[in-house]
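Please read the structure below before turning to the comments.
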Amino acid sequence: MPRTPAFRRSAELNYDIRTTVVKAGHVGVWWLGQATFCFKFGSTIVYTDPFYRDANHSLQTLSETPLKPGEFVNAAMICCTHEHLDHIDPETLPGAVKASPSARVVLPMWNVKFASEMGVPVERMAPLRGDDAYTLGGVTIRAIPAAHMTLDHDRKKGYRYLGYVMEGNGVRIYHTGDIQPYPGWYERVKKLEPFDAVFLPISAVDNLHYLQAVYFCALHKPKLAVPMHYNMVPGYTEDPAKFTEALARNCPEQKTRIMKIGEGWMV
């Protein structure tokens, strides 16, 4: 079955990212599929969970992934949420790190050994435990613990799964990573409100169900809600229209956007 093509890809997409002017009070957003994004805070570029598969790979994806590993360029930070292959990918992350030689790799301390074994230099890493932060290039990354099946915690390594609240250029956004509701999540998130945008998984399997994502919006009232983590891996997908239609019925004032892979948007 043919994959859903990207809106932009490779050189054309990188040109769009590079030449887009992001004024104060805004962030440029490009969805690259699944939980992979490019965020541009002024001139500071942050990627999340780099993931690439070509059409002939044994892991068949439902959609085109628009950037090859060597095309994740010009990053100040590459933020990785956890060790599953569509988030910390041995076939993508090392190439992305080489393509952005000045970038710091923000990741759970739990995954330092895993990333180093795939060739990511330890000195390039900025490991976080959860409930802590890292700042570079005028952008602060706050690590929010995530429950992905379980809320795994180790006294030495911290939380196994993380999401990130990113703040810079006068904007605050929340990329939840893979997550399910857990006791204490509401309180952690509430302390960091308001959000100019949130990026929420809707695929349900080991993740938020789209109705749980609607409930998140009802509780936290972000200015914009963007669904993610669908239409990539068979068995881990959902129709994003279900999310937006449920929002329209239950939270009619909530703004939302279904993004195309490879499309840019200004928040």
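Computed from the coordinates by the stated procedures, all read-outs in this text should not be read as laboratory data. Note that the structure is a prediction, hence the values are computed from the model and not measured. FYI the Cβ positions are ideal-geometry reconstructions off the backbone, even for glycines, and counts take in every protein chain you see.
Of note:
- Here Lys113 is the anchor, and the aspartates and glutamates within straight C-alpha reach of less than 13 Å, apart from those fewer than 8 places off in the same chain, are Glu83, Glu123.
- Cross-link reach is defined here as a Cα-Cα straight distance under 23 Å, omitting same-chain residues fewer than 8 places apart; for Lys223 the lysines meeting it are Lys23, Lys40, Lys190, Lys191, Lys242, Lys255, Lys260.
- Separation in nanometres of the label points that stand 7 Å from Cα toward Cβ, at Arg155 and Thr140: 3.0 nm
- Cα gyration tensor category, rounded, prolate or oblate, for the stretch 213-267 with a/c compared to 1.5: oblate
- Length gained on full extension, Lys260 to Glu187, computed as 0.36 nm times the residue gap minus the Cα-Cα distance: 23.1 nm.
- Taking Ser58, Ser43, Ser116 in turn, the Gaussian network model of the chain (Cα-Cα springs below 10 Å) assigns the largest fluctuation to Ser58.
- Relative contact order [Cα under 8 Å, 6+ residues apart], the chain, whole percent: 19 percent
- Sorting Thr48, Thr20, Thr237 from the fewest to the most surrounding beta carbons within 10 angstrom yields Thr20, Thr237, Thr48.
- Summary value for the stretch 74-201: 19 percent relative contact order, contacts being C-alpha pairs under 8 angstrom separated by 6+ residues.
- CD proxy at 222 nm, helix term only [per DSSP H run n ≥ 4: -39500 (n - 2.57); per residue of the chain; nearest 500]: -5500 deg cm²/dmol
- Gaussian network model of the chain, springs between alpha carbon atoms under 10 Å - residue of Leu107, Leu192, Leu247 with greatest fluctuation: Leu192
- Most mobile of Asn56, Asn169, Asn74 in a GNM of the chain (Cα contacts under 10 Å): Asn56
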